[in-house]
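> First the structure, then my questions, so here it is.
A short reminder: the numbers here are calculations on the coordinates, not readings from a lab. Nothing here was measured: the structure is a model prediction, and the numbers come from that model. Reconstructed Cβ throughout: ideal geometry from the backbone, glycine too, with neighbour counts over all protein chains shown.
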Amino acid sequence: MTVVAQTAISADTQSALLLSAPFRNRSKEGPAPLTPLEYNELAAALHAESMRPGDLLDPSAASSLPKLVARISGNMRDRLTADRLIRLLERGGQLALALTHWTSSGIWIVSRADETYPSRYKRKLGRSAPPIVYGIGPPALIERGGLAVVGSREPDASSQEYTERLGRWAGSSNVQIVSGAARGVDETSMVACINAGGTALGIVAERLLKLSMRREFREGILADRLTLISSFDPDSGFNVGNAMGRNRWIYALADRALVVACSEGRGGTWAGAVEALKRRELVYVRTGNPARPGNDALVAHGASPGPIEFSELFTLPVVPDPP
């Protein structure tokens, strides 16, 4: 495979980037990009006015912004001022530089208004779906679903061996692994699956560009067996909030999940699993490992004990998408 740079993005995606992307070279004196919550409020106002994000790129759109902002209620209206929106939309030069940087590295970009945006995000997350998705690798893997595998960045020996066996089984059984691409359980499951001839989807919380250049992942991308995606700037560093926030995106893109190793009551793996269970996601957990009592504690929160045979993970029906 040759990584082909995206040659164009839609007007809707351009607008979404101008409004919400931070850009590495952003002036500290400029307006803060919209948060996902702020963008959602603006998107709702646009819908109410029968407008699309791309319509804001028209020079005449400035005159309609006061009416648009008037549809936003409460304190949010004070934050989403017409002046702030105009100044964000004027960042065309910064956007051009960023797009050159991203697309020359093989990054593709879609926004929530695009037809190619991940349909599972829309179905499962609704308005909380991320406004922008950056990716590298075959976009088609996003719609394949599969098994979410999550766990500690520092697994014990038993968990490490279990994860490697699980990844090899998935790769030889045409079951895609969906994970967070972080060190430890995530990376081990993905690489083992790819090496066994399968495919993997990684939802990245930091440094998408740098991560995509790692040998273990680059080979999978070039072989069309791995896609990495993120809803954060491809050059952004580690952020606890980002790492916690992407947990729900991992579960949303999988058919069911298996927790390999977690600590009770703390950490991203525990928090993500508990949140997924509240949304009625189908979550299995490996039990019976004395080194990981947090795993057994998840059962009390509604998780199902993982079966002895990996093939049994797919014997129960998929939990339906929320109405």
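> So for region 52-201, what percent of the C-alpha to C-alpha distances run longer than 27 Å?
Numbers: 5055 of 11175 pairs.
So the portion of pairs separated by more than 27 Å is 45 percent.
> Determine the gain in length on full extension of the stretch F314-H101; use 0.36 nm per residue of separation and subtract their C-alpha separation, reporting nm with one decimal.
Details: separation 213, 0.36 × 213 = 76.68 nm, distance 4.11 nm.
Going from the current span to full extension adds 72.6 nm.
> Follow-up. Whats the longest run of the chain with zero GluC sites (Glu not before Pro) that are DSSP loop and have at most 16 other Cβ atoms within 10 Å? Don't skip to the end; give the middle numbers.
Working: sites that count: E29, E49, E90, E115, E264, E309.
So the longest stretch without any such site is 116-263.
> To continue, here is another question. How far, in nm, would the chain grow between A70 and A82 when pulled straight, counting 0.36 nm per residue and subtracting the alpha carbon separation? If you can, show how the numbers build up before the last one.
Working: separation 12, 0.36 × 12 = 4.32 nm, distance 0.97 nm.
Gain in length upon complete extension: 3.3 nm.
> Tally Lys and Arg at +1 and Asp and Glu at -1 over the other residues with C-beta under 15 Å from the C-beta of L211: what net charge comes out? Kindly include the intermediate steps, with their values, before the conclusion.
On the way: positive: R153, R183, R207, K210, R214, R215, R218, R246; negative: D186, E187, E206, E216, E219, D233, D235.
Spelling it out: positives minus negatives among the neighbours equals +1.
> Further question: Excluding G302 itself, calculate the net charge of residues whose Cβ lies under 15 Å from the Cβ of G302, where each Lys or Arg counts +1 and each Asp or Glu counts -1. List each step's numbers first, then the result.
Working: positive: R256, K278, R279, R280; negative: E264, E275, E281, D296.
So the surrounding residues net to 0.
> What percent antiparallel are the DSSP beta bridges of the chain, to the nearest 5? Kindly include the intermediate steps, with their values, before the conclusion.
Values: 8 of 27 bridges.
About 30 percent, rounded to the nearest 5.
> Averaging over every viewing direction, what projected area does the convex hull of the Cα atoms of region 142-300 cover, in nm²? All intermediate terms of the calculation are to be shown ahead of the outcome.
On the way: hull surface 33.5 nm².
Taking the Cα atoms of region 142-300, their convex hull projects to 8.4 nm² on average.
> Students often get this wrong, so try it: which of (1) 59; (2) 34; (3) 26 is percent of Cα pairs over 31 Å apart as calculated from the structure shown?
(2)
> Next question, about the same structure. On a 0 to 90 degree scale, rounded to 10, what angle separates helix 92-103 from the longest Cα axis of the chain?
30
> Something else about it: When the chain is fully extended, how far beyond the present Cα-Cα distance does D114 get from E90, taking 0.36 nm per residue of separation? Spell out each step's value before the answer.
Numbers: separation 24, 0.36 × 24 = 8.64 nm, distance 2.19 nm.
Separation in residues times 0.36 nm, less the Cα-Cα distance, equals 6.5 nm.
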